[in-house]
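Worksheet: the structure to be examined is printed underneath.
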Amino acid sequence: MRGTCKINNRFVIFSDTDNDTACVNNTLEFSELLNKNNDIEENLSGLSIIHTGDLLDKKSPDLQVPEFWEELRKKVHASGGFINILAGNHEQEIWQKINNGETYGLPKHSLDSLCDLIESLDLFYVDGPLLFIHAHPTVEFLRVLLHYKNVTGNHLNNFNTDHYKKAFKSVEALNQYSYTKGRPNEHHLLYDPENIEAYYRKNGSEIAALLTKLEIDCIIHGHRPQRSGIQVDHEFSRWLPEIRMIGNDTRIRLKGIGATLVRMDVGRAAQVVFINQKTANKKTRKKVRHLLRHSAPHSAVHHQQIIESQQHRKLKNQIDTMSEEHKYQQLQTESELQEQRTSHLLLQEELRERDELHIQTREKLKSFETINRQLEKELLERDEQQQLDEELPIFEASVLPLENEQQQNVLNLINEQALKVLESSNIQLQQSLEESNHTRRQAVDYLRLSHEANQRISQELKQCINDKSEAEKAHGLTLKSEQELKQKAEQPRWVWNVYAAIISSILTAVVILYLF
């Protein structure tokens, strides 16, 4: 294990005492932390007592057990030590049963105080590279811890307050941490696999990788009792080669004594001593006394000072390097900003020049348009003058040089009058042409109508002749039919009148065309 805890960071770990307090006293007396009067005489600064859960018997919780541990907590704290009791599956089941109506034969105020105690317990505890937890950690739980660490940046112990203790809002919410047998729900984070060895054989590589990322290399747990009454060390080392896992459930209630002691000194390998029924002898007591002594070896202190000095120099070098890099980056950034400012000014100047060039170009275009209009006007005037010269030869003499300005003015007036006369004559000619065109169109319409009328008259005459010949050939023709035949012969007289009117109109149109 990496020695990353504080100097004299010593741990006494109990597991699965199940309502028994005598075994705790026996172990503490064997470790010389308590005297025969159950008093603490030594300074316990730097010493932590950890209980990994199942403090109570889930079938019949004893209220004297919390009182015992509360009294022990006061003594240890007064001597400078620390006690942390974790929640086991017994405590969780007791809380769930009470909230489902179970009373265990206790009054309500006792049940309330018992629930308050259980709700105050942490799910796990991390100190340096050590993880204390009730049962084997699952891969799902370690994934959540790693995610929590990466996202929040908080210490792992804060997970207890941020998440675990909020699960006490309901029995169903607490199930995800309740070490249920098997895995009844995919959302459960902590559970108790039926075959723990097969579970770690399958997930051991991922669990080892997660623990490495969490900077944990030692796990101490209870929950699974060892029939031998001896702690199991380096559990599942085949699949967790870099992780030291210790099973601490030695059935202490039956054996009367049992605990795991760990000492983490900086610069030295971790020291571990197992107290159980088979090691409760003078030799082990000597090891325990040596392990739990308050002061660390002088070599360890000196070694720690050397390490701290090296770390300080390394940190200072890193700060100096970072400072130089920061200065270099700052200079580089200022240089880039200056280049950007210069390029920005150049761009502004270029844009200004382009705007001026654009304005000049627009002015030139306007002047070109004005010149173009003037040229067009002059060309039109020249064309008009040329037409006047061609149409009015009588005024050719007016363009000759005159003797004085008065003659020139007279000629100008004459030219203007001549232009007016030409314009009026041109208008009259246009009107005459329009009238003649209209008359021609009317004459054409009259001719077309007369031609159509002539065709209809011819057809009717032919029909009448045919009818008359057929009537004459018929026998038994009555007088009435003769009269009707005469009426038919006399019927188209109006057509002759129309024909005469059309011919008269045509002659009139021809006369008009001839006149124009």
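Applying both filters, DSSP loop and at most 11 other Cβ atoms within 10 Å, to the trypsin sites (Lys or Arg not before Pro) of the stretch 189-286 gives ARG227, ARG238.
Fully extending the segment from ALA173 to GLN430 would add 81.9 nm, taking 0.36 nm per residue of separation and subtracting the current Cα-Cα distance. Listed values for the stretch 272-277 are Karplus-derived 3J(HN,Hα) couplings in whole Hz (6.51 cos²θ - 1.76 cosθ + 1.60, θ = phi - 60°), namely 10, 10, 9, 9, 8, 5, and x replaces Gly and Pro.
Checking every one of the GluC sites (Glu not before Pro) in the stretch 170-273 against DSSP loop status and a limit of 12 other Cβ atoms within 10 Å picks out GLU186, GLU194, GLU242.
For the stretch 1-95, the set of GluC sites (Glu not before Pro) satisfying both a DSSP loop assignment and a count of at most 11 other C-beta atoms within 10 Å is given as GLU41.
Counting DSSP beta bridges in the stretch 9-296, what percent are antiparallel, to the nearest 5? Looking only at bridges with both residues in the stretch 9-296, the antiparallel portion is about 45 percent.
The length gained on full extension between GLN360 and GLU67, counted as 0.36 nm times the residue separation minus their Cα-Cα distance, comes to 95.6 nm. Shown is the FRET efficiency for ALA209 and LEU315, computed with R0 = 30 Å from the Cβ-Cβ distance and rounded to the nearest 0.05: 0.55.
Between MET245 and ILE219, HIS234, GLU235, the built amide H atoms are under 5 Å apart, and every one of these is 5 or more places off in sequence or on another chain.
Values quoted throughout were computed directly from the atomic coordinates according to the rules given, and no laboratory measurement underlies them. Being a predicted model, the structure only gives us computed values, none of them experimental. Glycine also receives a Cβ, built like all others from the backbone with ideal geometry; neighbour counts cover every protein chain displayed.
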